[in-house]
1. With (1) loosely packed, with under 11 Cβ neighbours inside 10 Å; (2) modelled with pLDDT under 90 as the list, and residue 42 as the residue in question, which single condition is left unmet?
2. May I ask you to list the residues in the range 1-30 that are among the β-branched types (Val, Ile, Thr), in a loop (DSSP other than H, G, I, E, B) and over 14 Å from the mean Cα position of the chain (by Cα)?
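The values are calculated or read from the model by the stated rules, or taken from the named source; none is laboratory data. None of the values given here were measured: they were computed from a predicted structure. Positions of Cβ are generated from backbone atoms using ideal geometry, with glycine treated the same way; all protein chains shown enter the neighbour counts.
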Amino acid sequence: MRVKCVLCDEVNQIDSYCLQAKRLRNRRIHTYMCQSCHDRIEKKTHERLNTGNFRFNRERKREHHLL
């Protein structure tokens, strides 16, 4: 399956039967990002988190049996 990165428009080939290909086919909201773009975004995110000025808002899941 041929896929195109949403950030750098690089065209890559992935296995048509892998889980990622199935997600891309069945759920149109999922987009493909090449490994180099993924690594770059991950690195910049960790740099922002380490500055202390950036707060990563994650939804905290509560366990209902503890309430």
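1. If we test residue 42 against (1) loosely packed, with under 11 Cβ neighbours inside 10 Å; (2) modelled with pLDDT under 90, just (2) comes out false.
2. 14
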